[in-house]
1. Would you mind calculating the gained length between Lys115 and Arg152 on full extension (0.36 nm times residue separation, minus the Cα-Cα distance), in nm to one decimal?
2. Once the Cβ-Cβ distance between Glu107 and Asn63 is put in as r, and R0 is 41 Å, what FRET efficiency do you end up with, to the nearest 0.05?
3. Quick check for you: which residues of the range 110-152 have the amide N under 20 Å from the point 7 Å beyond the Cα of Leu93 toward its beta carbon?
4. So which lysines pass the test for Lys35, namely a Cα distance under 20 Å, with those fewer than 8 places away in the same chain ruled out?
5. Once Rh is set to the Kirkwood radius over Cα pairs, what Stokes-Einstein translational diffusion coefficient, in µm²/s, holds for the range 1-143 at a temperature of 20 °C and a viscosity of 1.002 mPa s?
6. Taking H placed 1.01 Å from N in the peptide plane, check which residues at least 5 places from Gly34 or on another chain put their amide H under 5 Å from its amide H.
7. Just report the Cα centroid separation between the range 34-68 and the range 81-143, whole Å.
8. Counting DSSP beta bridges in the chain, what percent are antiparallel, to the nearest 5?
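What follows draws every value from the coordinates through simple rules; no lab data is involved. For clarity, every value in this text was computed on a predicted model and none was experimentally measured. Positions of Cβ are generated from backbone atoms using ideal geometry, with glycine treated the same way; all protein chains shown enter the neighbour counts.
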Amino acid sequence: MRIILQRVREASVSIRGTIVGAIGAGIVLLIGIGKDDTVVDAALLAEKCTALRIFPDDTGAMNRSIVDTKGSILAISQFTLYADMSRGRRPGLSKAMAPAEAEKLYEIVIELLKKSQLPVTTGVFGADMRVKLTNEGPVTLILESRNGQMVR
């Protein structure tokens, strides 16, 4: 499983001009699910995203988690995180999990994030969405789990 995490001042996701999710300060998670991903990977990354100390404390050092700051989470499915661009000019998507299975695992990630007791909003799985955000910092991180172990 791969997640692009961005610390944001605000963010929203819309479909055909209608906002379906919006947050103030917090994090945006672009979530990609690969063929071999499991619930163990989902649990590991959900916990990591809520526990990362990426928010400033009173001295400006990144010492606080989103739980500490009581921020919000906007989670969006992003199958293109598994695009293979090693050949040709068109991304290959065969490493992404099939949509029906991926949606189930994506929903598990969302439920695990909600256990943080923070506001969690989402886009719509598989929809053509527009994402707007104001990156704070900027802080952008790539998280990846394979076989229940952090890869990066």
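1. Values: separation 37, 0.36 × 37 = 13.32 nm, distance 2.36 nm.
Additional length available on full extension: 11.0 nm.
2. Details: r = 32 Å, r/R0 = 0.78.
My answer for the efficiency is 0.80.
3. Output list for this probe position: 123-132.
4. By straight Cα distance, Lys35 reaches Lys95, Lys104.
5. Numbers: Rh = 15.5 Å.
The calculation lands on 138 µm²/s.
6. HN-HN under 5 Å from Gly34: Arg2, Met97.
7. 15 Å
8. Values: 30 of 39 bridges.
Among the beta bridges of the chain, antiparallel pairing accounts for roughly 75 percent.
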